[in-house]
Amino acid sequence: MSKPKIYKILGVLTLLGLIAGSIVYYRLPNRHKAIIKTYLLQHSGFFDNTWKIDNRSQHYTMISPAFYIDGIYKSMEGPKSSNYVQLSQDSTLLWITGFHVKAVNSKNKKQISNDFICHTNVDFNDVKYFSNFHLENRIGKQYPRMTSLSHGQENFSFPKGYGVPMKGNDLLYVTTESLNHNIPDANFLIKHEVDIDYSTDAPDLKPLISRTVYIMLPYDQYDPFKSPVDPGKDYCIPVETKNHSYDDGKGNKLSGHWVIPVGKHTYRSSIDNQLQIENDSIRLHAAAVHVHPFATSLTLRDKTSNKAIFRSNIINHKGKIGLSKIDAYSSESGEWLYRDHEYELVLEVNNTTTIDQDMMGSMFLFFYDAELDHILHQK
């Protein structure tokens, strides 16, 4: 076969491949398009694709790569990036006391609207973390997420006298994701500035342990996107079945990311298994909250005593989609939770649009860790 024919065949195959790739791409959900687009742009060299780090005493700051905002990105859909964090180069004991995130202009780093912040997750290596304190029995019992900041709650600090201890050379894994609910013709770059407050000399601080609790609703695993026949059974339509989908241990499927119809609705979910209260009681001192727009409150409720332990009131933007403020919980005295009580999360929403919207409801709870406190004071 001659070279011209070979080149012609290769050209046709390349063209067909591009056409097929384009068809597949445009059929993808917005979230997956953003992943592909961000990867290609960050590896093309067209814009800044590196994290900028500034680790001053008691304060760790990092600025994300540029995120290209080119249209509407709802919650969980926008361009994102991840980075490992090491607060020091040795095993000195440090105490984490707060987290912050803000959206900034890609060029001059001046703060812009936090409407471009979806969430910032802070994960840790539970194997190394618990092994450092000889608490290997805790490994693998819960997803190792320390906390999450999100739109409406971009700053979160522990109450005075409390913090999360960790060895300085342990790794945190930070993922920050962008958002754009309101500008369909967007065409600009942004970055996220993430800050972690910590202390190196805090002998009087008391340690906290985190527990992540979230609403999970049942769905029909055989026909998940069909409207529930019996709404009274609290069945939901999941946004998708690959992510945030769980098994209740009895073969039934649950979703932590679901669709809410127009109007006011209430969702509730037991969190007893997520709390993992092993001793008689445990004392809550802080709670960060993650919800999506159109949520109006998220309550941690004691079903046994029929009372709210903490109600997070949520303020939505007026005239556009977004969250203005989410109440966090912070208390030096704390609130007791008991092993023989039942607990639930109760989420209230008001979808004021004319179409279905997506929703999540999570709390990152921080309890006094008496066992770890005893270990630290023995050394």
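The values are calculated or read from the model by the stated rules, or taken from the named source; none is laboratory data. None of the values given here were measured: they were computed from a predicted structure. When we count neighbours, we look across all protein chains shown, and the Cβ atoms used for this are built from the backbone with ideal geometry, even at glycine. Heavy atoms of the whole protein, side chains included, go into the accessibility calculation; ligands, DNA and RNA do not. Shrake-Rupley method; radii C 1.70, N 1.55, O 1.52, S 1.80 Å.
List the pair-distance distribution P(r) of region 133-179, using every Cα-Cα distance, as the percent of pairs falling in each 5 Å bin from 0 up to the bin containing the longest distance, rounded to whole percents.
Going from the shortest bin to the longest, the percentages are 4, 11, 18, 26, 21, 13, 5, 1.
Tally Lys and Arg at +1 and Asp and Glu at -1 over the other residues with C-beta under 14 Å from the C-beta of Leu172: what net charge comes out?
Result for the neighbourhood of Leu172: -2.
In whole Å, how far is the Cα centre of region 141-185 from that of region 197-224?
10
May I ask you to list the aspartates and glutamates whose Cα is less than 14 Å away from that of Lys206, ignoring any residue fewer than eight positions away on the same chain?
Those aspartates and glutamates meeting the cut-off are Glu332, Asp369, Glu371, Asp373.
Sum up the lysine pairs in region 220-352 that clear both bars: alpha-carbon distance under 27 Å and a spacing of 8 or more or different chains.
Taking region 220-352 as the scope, the lysine pair count is 22.
Specify the angular offset, from 0 to 90 degrees and rounded to the nearest 10, of the alpha carbon long axis of helix 30-42 from the longest principal axis of the alpha carbons in the chain.
Roughly 80 degrees between the two axes.
Straight-line reach from Lys110: which aspartates and glutamates have Cα under 13 Å away, leaving out those fewer than 8 places along the same chain?
Cα-Cα hits under 13 Å: Glu193.
List the GluC sites (Glu not before Pro) in region 233-333 that DSSP assigns to loop (not H, G, I, E or B) and whose Cβ has at most 11 other Cβ atoms within 10 Å. Which are they?
For GluC sites (Glu not before Pro) across region 233-333 that sit outside H, G, I, E and B with at most 11 neighbouring Cβ atoms in 10 Å, the list reads Glu278.
Expressed as an acute angle from 0 to 90° and rounded to the nearest 10, what is the orientation of the C-alpha long axis of helix 3-27 relative to the principal long axis of the chain?
Long axis of 3-27 versus the principal axis of the chain: about 40 degrees.
Find, to one decimal place in angstroms, the Kirkwood hydrodynamic radius of the chain, where the mean of 1/r is taken over every pair of different Cα atoms and then inverted.
Result for the chain, one decimal place: 22.6 Å.
Taking 51 Å as R0, compute the FRET efficiency from the Cβ-Cβ separation of Asn105 and Thr304 and round it to 0.05.
For Asn105 and Thr304, the calculated efficiency is 0.50.
With Kirkwood's inverse mean 1/r over C-alpha pairs for Rh, give me the Rg to Rh ratio of region 211-303, two decimals please.
Rg/Rh for region 211-303 comes to 0.98.
In whole Å, what are the Cα extents of region 264-311 along the three principal axes, biggest one first?
Here the Cα extents, ordered largest to smallest, are 37, 21, 18 Å.
Determine the sum of side-chain charges near Leu298: Lys and Arg each +1, Asp and Glu each -1, restricted to other residues whose C-beta is under 12 angstrom from that of Leu298.
0
At 222 nm, what helix-only mean residue ellipticity would the chain give, in deg cm²/dmol to the nearest 500, using -39500 (n - 2.57) for each DSSP H run of four or more?
About -4500 deg cm²/dmol.
Calculate I(q)/I(0) for region 258-344 by the Debye formula, one identical point scatterer on each C-alpha and no solvent, and give its log10 at q = 0.17, 0.19, 0.25 Å⁻¹ to two decimals.
Evaluating at q = 0.17, 0.19, 0.25 Å⁻¹ gives log10 I(q)/I(0) of -0.81, -0.95, -1.35.
Which percent of the accessible heavy-atom area of the chain goes to carbon and sulfur, probe 1.4 angstrom?
Ligands and nucleic acids excluded, carbon and sulfur give 53 percent.
Could you give the dipole magnitude of the chain about its Cα centre, charging the beta-carbon of Lys and Arg +1 and that of Asp and Glu -1, in debye to the nearest 20?
Roughly 1500 debye, rounded to the nearest 20.
For Thr200 and Glu136, compute 0.36 nm times the residue count separating them, minus their Cα-Cα distance, and round to one decimal in nm. Let's see the in-between values first.
Working: separation 64, 0.36 × 64 = 23.04 nm, distance 2.45 nm.
Full extension of this stretch gives 20.6 nm more.
Semi-axes of region 154-273's equivalent ellipsoid from the Cα gyration tensor, sqrt of 5 times each eigenvalue, largest first, rounded to whole Å? Present the calculation step by step, with values, prior to reporting the outcome.
Details: eigenvalues 262, 109, 40 Å².
They are 36, 23, 14 Å, listed largest first.
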